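Report on the following structure.
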Amino acid sequence: MTTVLDSLIQQDSPLTTHAIQQACLQRMHGATQGLATFTLPRFTFSDMVLTADALAQAEELLARIRFHSQLAAQVPGRLSGTQALFWGPPGTGKSMAAEAIAGELCLPLYKVNLANVASKWIGETEKHLANLFDQAEKQKAVLLFDEADAIFARRSEVESSHDKNANMGVSYLLQRMETYQGVLLLSTNFKANIDDAFLRRFTAVIEFPLPDKLHRKKLWQHVWQGELQPADQIEMDYLIEHFDLSPSQIHNIAERACLFALMERTPQITQAQLGKSLQRELDKQSAGFIAAHHLAAWTERNVTS
Ligand SMILES: Nc1ncnc2c1ncn2[C@@H]1O[C@H](COP(=O)(O)OP(=O)(O)O)[C@@H](O)[C@H]1O
Ligand SMILES: [Mg+2]
């Protein structure tokens, strides 16, 4: 069997760290039949603005992973792997936090594609999933079941044979998750769907709420990483107070405002650019009359101040 290195040499590819990493990832991807994607984490927790509670719990989680063997020596019985559930509305940083956990530990992240697991459940799937768990365990990767709601869907209401197949997959998954010795993370938008017995199995259940005013202020301060900053006269406090935006929306608005500044070659982000960007984000979800009213009021205040 040719090694990853051999195949890169045969293709005459430059042997950069990146090329080697990518080739390894591709090889692993092939081995799991598209049930998972492999990524190298781009974030750590310093890239995130979290609530004090979420951050404290995430740090505990990291500590449990780092001290796993020392901890095992202190308590009777076999210490289970570390399994956490991240829950909260969309755009609050659940997927990003999973990547940050892997980033803090300098480990690859295996993201399981649950849609494929559920829709293509055939005899072979169990074998591939078993491979995936074994491989992840061996490589001490962080295993992520992102948007794991398919696993939690009520299993008694099974009708079609397709559902039955999906159910077999879920039963296997739950069983294997329990014995998994590595780091297993699940995210969901709907904690209410999950029964208490299942919740109790997790080492940590961490809430990612929509940010309150203080949290939004920190997000707005953190979001400008480059040279482009909002002009001093822009009244950010009004924006922070009146627009209930998620961290992801704040990120999108800032990114688009920077783009407008680059397109218009302005040295700073103007109120018009930030306003237009905000409008674009609100338009995506037809955020409604109240938001439109606040936007008009904010524009007016900035023009007259
Ligand atoms: N708490 C946060 N701190 C900083 N940026 C965030 C945070 N939450 C979300 N983001 C930004 O929004 C993007 C989407 O967030 P994501 O993690 O996909 O949300 P979720 O998985 O909860 O739906 C992230 O890639 C990041 O740019
Ligand atoms: Mg997500």
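The values are calculated or read from the model by the stated rules, or taken from the named source; none is laboratory data. Quantities reported herein were computed from a predicted structural model and do not represent experimental measurements. Backbone-built Cβ (ideal geometry, glycine too); neighbour counts: all protein chains shown. Only protein heavy atoms, including side chains, enter the accessible area calculation; ligands, DNA and RNA are left aside. Shrake-Rupley method; radii C 1.70, N 1.55, O 1.52, S 1.80 Å.
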Out of 181, 233, which single residue is assigned to a loop (DSSP other than H, G, I, E, B), open to solvent by 20 Å² or more (accessible area, probe 1.4 Å) and in the same structural domain as residue 264 (by TED's automatic domain parsing)? 233
Any hit, region 241-251, residues being in a helix (DSSP H, G or I), open to solvent by less than 10 Å² (accessible area, probe 1.4 Å) and not assigned by TED's automatic domain parsing to the domain that holds residue 51: yes
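Could you check region 52-90 and list, in sequence order, the residues that are touching a residue at least 40 places away in the same chain (Cβ under 8 Å) and of a type in the set (Phe, Trp, Tyr)?
86, 87
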Looking only at region 207-230, count how many residues are open to solvent by less than 30 Å² (accessible area, probe 1.4 Å) and closer than 19 Å to residue 54 by Cα. 6
Flag for residue 259 being over 30 Å from residue 68 (Cα atoms), open to solvent by 50 Å² or more (accessible area, probe 1.4 Å) and within 16 Å of ligand 2 (Cβ to nearest atom): no
Given the structure, is residue 129 within 16 Å of ligand 1 (Cβ to nearest atom), open to solvent by less than 50 Å² (accessible area, probe 1.4 Å) and at pLDDT below 85? no
Considering only region 189-230, how many residues are part of a strand (DSSP E or B) and farther than 19 Å from residue 81 by Cβ? 2
